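Notes to accompany the following structure.
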Amino acid sequence: MPEGDTVWRAARDLDRALRDQELTRCDIRVPRYATVDFTGKTVRNVVARGKHLLIRVEDEWTIHSHLKMEGLWHVYPKGGRWRRPAFKARCVLETAAKSVVGFELGFLRVIAQQEEDDAVGYLGPDLLGPDWDSGEALRRLRADPERPIGLALLDQRNLAGIGNVYRCELCFLAGEHPLTPVGEIKNLPRMVELAHRLLETNKDRSTRVTTGNLLRDPLWVYGRTDRSCLRCGTRIIRSELGDNELEQRVLYHCPHCQPAKVTA
Ligand SMILES: [Zn+2]
């Protein structure tokens, strides 16, 4: 599923294709914006903010999108064959040399650039942003000490960029049960630093790795229901937490490496 590293990579690729280029075609396939046409206008740049992607057109407009579950952006040479069916396209932008197509975007809208802060200003420090601030992320996480760490890490208001894969992997790497309250985490600063390091390490590659073993077992627990823990051999448990969309609810953990805290 798309996490901060996926969106960071998409923004980098789109920026390379569109920055300072004049659009020769602009087709936004969302009824509300069907009449928006930026043909003839120049794209300033493309940036990621957490899991949000902002395409800035001139100094006036921003195409704001979020991949949600299935979304993705592709860059093709102009006239190149799309690798997804056309009916799934939500946004098509072309320059003299490239076609940029957003497929199945869970969220797409056009806003005035001055509204960007309202749109994404609520996000916590961006793990892959130029202004990453671990102290601020910690402050936000600690503001709700009762909250299970498994929910707090996914809340983009605390820190931006973690999706379900990293949430599960971080809890494993920290030896913490996902239901452990934030206030009882043994070493929260280390967990936040680890989040930063994992996303930084993975941002340039298409397969996410937390174990260091890209080929055999790239992840410690995510998606490994009923398989053996790579560290201790115990069966990995799949459970659910919270009331998000299903994909976001699903948790994986090792009951031996991440024991639940026993409350008296
Ligand atoms: Zn284990």
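The values are calculated or read from the model by the stated rules, or taken from the named source; none is laboratory data. As the structure is a prediction and not an experimental result, all values here were calculated from the model. In this analysis, Cβ positions are derived from the backbone assuming ideal geometry, glycine residues included, and neighbour counts consider all displayed protein chains. SASA here: full protein model, heavy atoms, side chains in, ligands and nucleic acids out. Shrake-Rupley method; radii C 1.70, N 1.55, O 1.52, S 1.80 Å.
Out of all the residues in the stretch 119-126, is one or more open to solvent by less than 20 Å² (accessible area, probe 1.4 Å), assigned to a helix (DSSP H, G or I) and touching a residue at least 60 places away in the same chain (Cβ under 8 Å)? Scanning the stretch 119-126, I find at least one residue that is open to solvent by less than 20 Å² (accessible area, probe 1.4 Å), assigned to a helix (DSSP H, G or I) and touching a residue at least 60 places away in the same chain (Cβ under 8 Å), so the answer is yes. The set of residues in the stretch 101-118 that are out of contact with any helix residue (DSSP H, G or I) (no Cβ under 7 Å at 6 or more places or on another chain), among the aliphatic types (A, V, I, L, M) and surrounded by 15 or more Cβ atoms within 10 Å (Cβ to Cβ) comprises Val101, Leu105, Leu108. The residues of the stretch 228-260 that are over 22 Å from Glu184 (Cα atoms), within 11 Å of the ligand (Cβ to nearest atom) and either in a loop (DSSP other than H, G, I, E, B) or open to solvent by less than 40 Å² (accessible area, probe 1.4 Å) (or both), listed by number, are Cys229, Leu230, Arg231, Cys232, Gly233, Thr234, Ile236.
With respect to (1) open to solvent by 40 Å² or more (accessible area, probe 1.4 Å); (2) assigned to a loop (DSSP other than H, G, I, E, B); (3) touching a helix residue (DSSP H, G or I) at 6+ places or on another chain (Cβ under 7 Å); (4) more than 22 Å from Arg249 (Cβ to Cβ), the lone exception for Val209 is condition (1). Scan the stretch 17-60 for residues that are under 25 Å from the mean Cα position of the chain (by Cα) and free of Cβ contacts under 8 Å to residues at least 40 places away in the same chain and jot them down. Arg19, Arg44, Asn45, Val46, Val47, Val57 - these are the residues of the stretch 17-60 that are under 25 Å from the mean Cα position of the chain (by Cα) and free of Cβ contacts under 8 Å to residues at least 40 places away in the same chain. Would you mind stating whether Phe103 is free of Cβ contacts under 8 Å to residues at least 12 places away in the same chain and over 30 Å from Leu188 (Cβ atoms)? No, not satisfied.
Scan the stretch 41-83 for residues that are assigned to a loop (DSSP other than H, G, I, E, B) and open to solvent by 40 Å² or more (accessible area, probe 1.4 Å) and the total you get is 12.
To keep it simple, each residue is scored yes or no on (1) of a type in the set (Val, Ile, Thr); (2) open to solvent by 10 Å² or more (accessible area, probe 1.4 Å).
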site: Gly135; (1), (2): no, yes
site: Asp155; (1), (2): no, yes
site: Ala160; (1), (2): no, no
site: Pro178; (1), (2): no, no
site: Ile185; (1), (2): yes, yes
site: Asn202; (1), (2): no, no
site: Leu219; (1), (2): no, yes
